Amino acid sequence: MQTNNFKNRVQIEKTIFSKELRQFKYIRTANERFFQGIHKTSARGNRYELKIMLEENYPDKMPRMYVSSPKTLWMHGKNRISLNSEGTSHRYHTNSNSPEGYVQICHYNSETWHAAKTCTAIAFKGIIWCEAFDTHLNTGLTIAQIIENWEKCQEENTGDFIRLFKDTPRIDLSKIKLPDSLFRNPRPKYLDFLSFEPEKKPFVFKIGK
């Protein structure tokens, strides 16, 4: 049974999504409550459906985010190895799969989660993860290596993602507005949304200096 706190927070989240990421919609079924949306990557043009699951005690408990389509994420190479088989992985910024076998994207650390963080922020992280995964398909680099690449790009240039490796495409997120009101001031850089902390093996991904 959802509390008034849950219902009020969902209304706030729906309003934010309608302004910032309109492709995400709130869906309620007999057993589940979640936000779901599709992102088409600029890195490769693939379409990924992201599902942000809400627990009854949200926002006090951190939502989990899954790639709900395609269910099987085939990795780079000819060996036909799926990312689903990796489970919790620092190299690919994933946590344990859902009971149905969907890949779970690591976004925030559950131990440091607090109610001021939003589903929209989680969705932004999911979008960037999708771009990183498609860059993995193009290059064979792990998502951890790709994010490190993007961090170097920010340190060495203007704060946008640019090509560092010759086979790594530019990731164009210029059309995505990152609202100050959702996160903090001053306006965050893209790198702030790449601060992943795995579920079982915590590590700190440093953000600038």
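Nothing in this text is a laboratory measurement; each read-out follows from the coordinates by a stated rule. From a predicted model like this one, the values you see are computed outputs, not experimental measurements. Note that each Cβ is placed from the backbone with ideal geometry, even for glycine, and that neighbours are counted across all protein chains shown.
So what is the diffusion coefficient of the range 1-97 in µm² per second by Stokes-Einstein at 4 °C and 1.567 mPa s, using a Kirkwood Rh over Cα pairs?
85
Pairs Lys71/Lys117; Lys40/Lys125; Lys51/Lys78: which exceed 24 Å Cα-Cα? Display every interim value, and only then the final one.
Numbers: Lys71/Lys117 27 Å; Lys40/Lys125 14 Å; Lys51/Lys78 29 Å.
Beyond 24 Å between Cα atoms: Lys71/Lys117; Lys51/Lys78.
Arranged from fewest to most other beta-carbon atoms within 10 Å of their beta carbon, Thr120, Thr88, Thr15 become Thr15, Thr88, Thr120. Per residue, the average separation of C-alpha pairs within less than 8 Å and at least 6 apart gives the range 4-152 a relative contact order of 20 percent. Listing Lys71, Lys125 from fewest to most neighbouring C-beta atoms within 10 Å gives Lys71, Lys125.
Distance between the modelled labels on Arg91 and Asn8, one decimal in nanometres: 4.7 nm (7 Å Cα→Cβ projection).
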